[in-house]
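**Q** Take a look at the following structure, please.
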Ligand SMILES: *Cc1c(COP(=O)(O)O)cnc(C)c1O
């Protein structure tokens, strides 16, 4: 008999997006098989086509792969030097942050990197995560056996939940107890809010004080427009001693289907054995990657590199301007509908408070049935998300405008 990993059975049934899909399908079926003008603002996937620089870089790389002299087989597991250098220079050194190419690990996605990182962490860590939260962090810890059992409220017994709400500006207070691993995501999915420099400084100082590691997800870094809002945890002094950073080309370059991302692991970052012996995190991550991963396709790495050229930067800026233009329209529409709105200025998500006393799924159903718009119920991201819904700005301009109007036409 083959036995299964019983941790998988602890995952909460009815993961958020399948439940949304089920409700949308039921509505469509009940409407006779199609709903005129149904607009999806639910899943955080980009909608606009790949920039031309990216397509040109891919075509060129495909041609190189077609000639014996320039054909490439297995590449370095950590990523090609050309891309790691472009990242270190373009995202860090040019902005005064000391990150070298050999601290960059190229991968096929931040979702996988955040999950895979658990391979090199021990099993007895106290793990803290924000609530509401990107569900991947919770579920991967459940699968690994780090989370314990779920209570009646759905929270896992061994996780430390860091509440994020309007009172703390959606940046959690430091935990009262000592934790070892802290997930932070800024700009934040789902709330669309950011952390200030002083808030991140407090977290870095906390982590250094107790030897904790911060897993910093900066997938939306490119959406930051305020110059005083940090785009990287490494803008904070001391972060090289306590943090890793996950970045992705999914949301800036439109690579959700193309797949390329990277993780920054500073050489100076260490963790310890139970006996107190210190080891390099970078060495373990490198070992993990070279054993379980064979790198990202050459063609895709050339495509990612093109985002750092002058034309690439301009085209990324245009994509972001498009989505953030949508965000402004959606924020405005929701406000005019009388709702309280958070986020949406440095991130492509709008976090909207429900009218008093109405639950997330009730509001989800009402927006679906009355406005024919699919949003994401806040409670799907954690207990603290109850009473909110998320609108994604990843859409066409026409759809964003239409959603903004329909929200105003609803009787709230
Ligand atoms: C979209 C997203 C990512 C990116 O994931 P990929 O696997 O690189 O596509 C990472 N973190 C968060 C919070 C996201 O929303």
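**Q** Computed over the Cα atoms of the range 231-309, what is the ratio Rg over Rh, Rh following Kirkwood?
**A** Computed over Cα atoms, the ratio is 1.05.
**Q** While we're looking at this one, here's another question. In nm, what is the difference between 0.36 nm times the number of residues separating residue 272 and residue 198 and their Cα-Cα distance?
**A** Numbers: separation 74, 0.36 × 74 = 26.64 nm, distance 2.79 nm.
That works out to 23.9 nm of additional length.
**Q** With N set to the number of residues, divide the alpha-carbon radius of gyration of the chain by 2.2 N^0.38 Å and report two decimals.
**A** With N residues counted in the chain, Rg over 2.2 N^0.38 Å equals 0.99.
**Q** Now a separate question. How far is the Cα center of the range 100-172 from the Cα center of the range 30-57, in Å?
**A** If we compute the Cα centre of each part, the gap is 28 Å.
**Q** Relative to the present Cα-Cα distance, how much length would full extension add between residue 280 and residue 398 at 0.36 nm per residue of separation?
**A** 37.5 nm
**Q** Go ahead and set up a Gaussian network model of the chain, Cα springs under 10 Å, then flag whichever of 77, 173, 103 fluctuates most.
**A** The residue with the greatest mean-square fluctuation here is 173.
**Q** Two decimals is fine: what is log10 I(q)/I(0) at q = 0.18, 0.19, 0.20, 0.22 Å⁻¹ for the range 44-167, from a Debye sum with one equal scatterer on every Cα and no solvent?
**A** Each listed q corresponds, in turn, to -1.13, -1.16, -1.20, -1.26.
**Q** Using 1/(1 + (r/R0)^6) with R0 = 22 angstrom and r between the beta carbons of residue 409 and residue 26, what's the FRET efficiency to the nearest 0.05?
**A** Taking R0 as 22 Å, the efficiency between residue 409 and residue 26 is 0.45.
**Q** Moving to a separate point now. Which percent, nearest 5, of DSSP beta bridges in the chain are antiparallel?
**A** Rounded to the nearest five, the antiparallel share is 55 percent.
**Q** Now, a different point. Roughly how many nanometres apart are two label points built 7 Å out from the Cα toward the Cβ at residue 34 and residue 227?
**A** Here the answer is 5.1 nm between the modelled labels.
**Q** Okay, moving on. Whole angstrom only: what separates the Cα centroid of the range 282-304 from the Cα centroid of the range 360-412?
**A** So the two Cα centres are separated by 38 Å.
**Q** Can you tell me the relative contact order of the range 253-357? Whole percent, Cα pairs under 8 Å, sequence separation 6 or more.
**A** Rounded, it is 17 percent for the range 253-357.
**Q** Next question, about the same structure. Looking at the chain as a GNM with Cα springs under 10 Å, which of 18, 172, 132 has the largest mean-square fluctuation?
**A** Fluctuation is largest for 18.
**Q** Between residue 149 and residue 235, what FRET efficiency comes out of the Förster formula 1/(1 + (r/R0)^6) with R0 = 30 Å and r the beta carbon distance, rounded to 0.05?
**A** Between residue 235 and residue 149 the formula returns 0.20.
**Q** So, R0 is 22 Å and r is the distance between the beta-carbons of residue 8 and residue 119; what FRET efficiency does that work out to, to 0.05?
**A** 0.85
Every number here is computed from the coordinates shown, using simple stated rules; none is lab data. Small disclaimer: the values here were computed from a predicted structure and weren't measured. Cβ atoms come from the backbone with ideal geometry, glycine included; neighbour counts cover every protein chain shown.
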